[in-house]
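*Asks:* Sharing a structure, written as structure tokens. Questions coming.
The values are calculated or read from the model by the stated rules, or taken from the named source; none is laboratory data. Predicted model only: the values in this text are computed from it and were never measured. Cβ coordinates were reconstructed from backbone atoms using ideal geometry, including for glycine residues, and neighbour counts include every protein chain displayed. For the accessible areas, the whole protein counts, side chains as well, though only heavy atoms, and no ligand, DNA or RNA atoms are used. Shrake-Rupley method; radii C 1.70, N 1.55, O 1.52, S 1.80 Å.
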Amino acid sequence: MAQIFPEWTNKLPLILLVSAVFLGIVGIGFFWYYGSPLYIDAGYRPDQPIDYSHKLHAGDLGIDCRYCHYSVEKSAVANIPPTKLCMNCHTLVKPDSEKLKLLQDSWKSGSPIEWVRVHKIGEFAYFNHSIHINKGVSCVSCHGNVAEMEKVEQKKPLSMSWCLDCHRNPAPNIRPVSEVTNMKWIQSPQDLKTAIEIINSKNIEPPTDCSGCHR
């Protein structure tokens, strides 16, 4: 009696099993990357109501980050500069520029400018700017070199694994507090030794347990 199925079908279950495992690994890898903050969030660069250039203000003019974001050393959040702070300069600097019409209107009406937020972590996580700044973590570590950005974009994924990488090994991101807003500062091997000394002297022990960020 002739066989109904050819002999190769005996290997079909094994072929299906291997194929399922392979497709599963490929699928996990696909969503691991393309569904991650590194792919979804990094590179986000929205248009703003005013075409404000950080490169001009923080880079070319050398305005310190803390002049505009003045609460960053003492508050959990880095404030958005109010209109009146911008007008400290722009009452005299290009007050009639068409590009600053929205700023002038905001100043006259008292209505705030609706800036588009670029960096945001989940509501389920707690982040305190002042703690990081006062320990010597630079703006560059999380935001990139904004002094080179015509339009601010998100450079880092701000994911849990990314934060934990730093919490487990903070030394590469620690610098003297006097240099936290220096966008051109680059850590040398000697600076790395200094960072370790700072960590020991300040007893810096970033939390890696859940309660450290999820409160």
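*Asks:* Condition first: touching a residue at least 60 places away in the same chain (Cβ under 8 Å) and either out of contact with any strand residue (DSSP E or B) (no Cβ under 8 Å at 6 or more places or on another chain) or under 25 Å from M183 (Cβ atoms) (or both). Can you find one or more residues in the stretch 73-90 that meet it? Spell out how you get there, then give the answer.
*Replies:* First, pick out the residues of the stretch 73-90 that are touching a residue at least 60 places away in the same chain (Cβ under 8 Å): 73.
From what's left, either out of contact with any strand residue (DSSP E or B) (no Cβ under 8 Å at 6 or more places or on another chain) or under 25 Å from M183 (Cβ atoms) (or both): 73.
Checking the stretch 73-90: at least one residue is touching a residue at least 60 places away in the same chain (Cβ under 8 Å) and either out of contact with any strand residue (DSSP E or B) (no Cβ under 8 Å at 6 or more places or on another chain) or under 25 Å from M183 (Cβ atoms) (or both).
*Asks:* Still on this structure: Taking the options S138, S109, name whichever one is within 15 Å of the chain's Cα centre (by Cα) and free of Cβ contacts under 8 Å to residues at least 60 places away in the same chain.
*Replies:* Details: S109 fails: within 15 Å of the chain's Cα centre (by Cα).
Result of the check over S138, S109: S138.
*Asks:* What's the number of the condition I196 fails, among (1) surrounded by fewer than 17 Cβ atoms within 10 Å (Cβ to Cβ); (2) within 23 Å of N145 (Cβ to Cβ); (3) among the hydrophobic types (A, V, I, L, M, F, W, C)?
*Replies:* With (1) surrounded by fewer than 17 Cβ atoms within 10 Å (Cβ to Cβ); (2) within 23 Å of N145 (Cβ to Cβ); (3) among the hydrophobic types (A, V, I, L, M, F, W, C) applied to I196, the lone miss is (2).
*Asks:* For the stretch 135-158, name all the residues that are at positive phi and not hydrophobic (A, V, I, L, M, F, W, C). Spell out how you get there, then give the answer.
*Replies:* Our first condition is that a residue be at positive phi; within the stretch 135-158, this holds for 136, 144, 158.
The answer is G136, G144.
*Asks:* If you go through the stretch 133-148 one residue at a time, how many are out of contact with any Ser or Thr (no Cβ under 8 Å at 6 or more places or on another chain) and open to solvent by less than 50 Å² (accessible area, probe 1.4 Å)? Please lay out each step first, then the result.
*Replies:* Of the residues in the stretch 133-148, the ones out of contact with any Ser or Thr (no Cβ under 8 Å at 6 or more places or on another chain) are 133-137, 140-148.
Subset that is open to solvent by less than 50 Å² (accessible area, probe 1.4 Å): 133, 136-137, 140-142, 144-147.
The total comes to 10.
*Asks:* Is it the case, given these coordinates, that L102 is open to solvent by 60 Å² or more (accessible area, probe 1.4 Å) and more than 23 Å from the chain's Cα centre (by Cα)? Quick ask: steps written out before the conclusion?
*Replies:* On the way: open to solvent by 60 Å² or more (accessible area, probe 1.4 Å): yes; more than 23 Å from the chain's Cα centre (by Cα): yes.
Answer is yes for this residue.
*Asks:* Something else about it: Answer with yes or no whether P157 is farther than 23 Å from T208 by Cβ, at pLDDT below 95 and either in contact with a His (Cβ under 7 Å, 6 or more places away or on another chain) or not basic (K, R) (or both). Spell out how you get there, then give the answer.
*Replies:* Working: farther than 23 Å from T208 by Cβ: no; at pLDDT below 95: yes; either in contact with a His (Cβ under 7 Å, 6 or more places away or on another chain) or not basic (K, R) (or both): yes.
Considered against the rule, which asks whether it is farther than 23 Å from T208 by Cβ, at pLDDT below 95 and either in contact with a His (Cβ under 7 Å, 6 or more places away or on another chain) or not basic (K, R) (or both), P157 comes out as no.
*Asks:* Can you tell me which residue is surrounded by the fewest Cβ atoms within 10 Å (Cβ to Cβ) among those in the stretch 162-181 that are touching a residue at least 24 places away in the same chain (Cβ under 8 Å) and over 17 Å from the mean Cα position of the chain (by Cα)? Give the derivation first.
*Replies:* Step one: list which residues in the stretch 162-181 are touching a residue at least 24 places away in the same chain (Cβ under 8 Å), which gives 162-164, 166-168, 170-171, 173-177, 179-181.
Checking which are over 17 Å from the mean Cα position of the chain (by Cα) leaves us with 168, 171, 175-177, 179.
Values: R168: 9, A171: 17, R175: 22, P176: 14, V177: 16, E179: 15.
The residue in question is R168.
*Asks:* Another question, then. Evaluate the following for P112: is it surrounded by 12 or more Cβ atoms within 10 Å (Cβ to Cβ) and over 17 Å from C142 (Cβ atoms)?
*Replies:* Numbers: surrounded by 12 or more Cβ atoms within 10 Å (Cβ to Cβ): no; over 17 Å from C142 (Cβ atoms): yes.
Against the criterion (surrounded by 12 or more Cβ atoms within 10 Å (Cβ to Cβ) and over 17 Å from C142 (Cβ atoms)), P112 does not qualify.
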